[in-house]
1. Can Leu156 be described as of a type outside the set (Lys, Arg), assigned to a strand (DSSP E or B) and crowded, with 21+ Cβ neighbours inside 10 Å?
2. So if I check each of Ala9, Ala100, Ala73, which one is over 30 Å from Gly181 (Cβ atoms) and of a type in the set (A, V, I, L, M)?
3. Among the numbered criteria (1) among the β-branched types (Val, Ile, Thr); (2) part of a loop (DSSP other than H, G, I, E, B); (3) modelled with pLDDT of 85 or more, which one does Ile174 miss?
4. Only one of these is within 28 Å of Ile222 (Cβ to Cβ) and aliphatic (A, V, I, L, M): Ala69, Ala146. Name it.
5. When you go through Leu15, Leu65, Leu31, Leu25 one by one, which is the residue that is among the hydrophobic types (A, V, I, L, M, F, W, C) and under 11 Å from Gln96 (Cα atoms)?
6. Conditions first: (1) hydrophobic (A, V, I, L, M, F, W, C); (2) part of a loop (DSSP other than H, G, I, E, B); (3) within 30 Å of Pro113 (Cα to Cα). Ile46 passes all but one, so which condition is the exception?
7. Within region 87-99, track down each residue that is surrounded by fewer than 17 Cβ atoms within 10 Å (Cβ to Cβ) and within 20 Å of the chain's Cα centre (by Cα).
8. Which ones in region 29-43 are part of a helix (DSSP H, G or I), among the small types (Gly, Ala, Ser) and without any contact (Cβ under 8 Å) to a residue 40 or more places away in the chain?
Amino acid sequence: MRKHPDADAFVREHLRHPTNATTRLAFADWLDETGMPSNAAWAQYIRLREEADRHAPDSDEQQRLLRQADGSATKVRAKLTLAALIFARDPESILQLIPAANVTVRLDNFAVPTDVLQQVPESVARENLTIPLAAVKETLFCANAAPHHVDTAHKLSFILNRNVVLVRAKQNKIVSALNSGFGGCNIDYFDSQPLFVSFTDIAGGFYALPLHTVAGPDPAFIESIIVQGLRMGATQVRVFPEGHHVAIAYQTGERWSYHDPLPARFWPAIAEVVAREAQMSLAETFADRIAAYGGTTGSFSFLVARTRYVIGVTIRLGSVDPRLTLDLQPAPSID
């Protein structure tokens, strides 16, 4: 979208007074008057976000309006580039004006506040090339080199157990910011044996799940499932496909707790990563489709917070009751 002096003036005024809804709505009227379809979508996005803000947080009506706003957001062509410091001051108000995917932040001379940096383990930040910018209530606003990749935000939300919103920043600037932030801050991070991340086809053609070229979990993602269970005091984790999603359940005593579901296509990738780490044969595992036994078993060692655990693994990938079970047990001490 070409720059327009009136549009620039509206945006600059909004950045000076980001909580002023009157400015945003006046800008929406101006956008409609241009007669451009992309500007009409932008105007619709602004109005829907504004209307959603009038309803109770997380209410059905608010969620309905936000979904409609997300639909309009995909048609918005305008881009906004601004200093990360300005964005971090009030990210919610800025995203009332323009979708997060259309925002690029400049990280030069931006120092991430320590309390914000501490909310993302270093291994997660580096693995996903993501730098946190601001935290508002249950939402963490971060910069990523490819924020349009929908699975990145979903994956980070799962790992960090909170809502994650991504804006764009240059990759080399993210790396510099990570080095600057974590270089001078004592942050705990996942410490474990490396997990496999490549997804390749397995010999044999008798199974149905597509195990090659699967876009799915990386090492930090798989580690987080285990670490979350250990933090909860869980003794077992179950991962299993359920309809169009993948469910994750943690057992603590007699109680089961469920995490937010994942996209269904993550299932074969999760199973393969864990099977490789436990040195298990997926070909044998897939034989569950025609055999009536409990599944293929294995184990691997996992180190977190200087404590080593033995993760017992049972995988059953047949068509009847497929599941991945992780038993979390401290490793026996050696005298």
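1. Criteria not met by Leu156.
2. Ala9
3. (2)
4. Ala146
5. One residue alone meets the criteria, Leu25.
6. (2)
7. Glu92
8. Result: Ala40, Ala41, Ala43.
The values are calculated or read from the model by the stated rules, or taken from the named source; none is laboratory data. All of these numbers come straight from a predicted model, not from anything done at the bench. Counting neighbours? That spans all protein chains shown, and the Cβs are built from the backbone with ideal geometry, glycine included.
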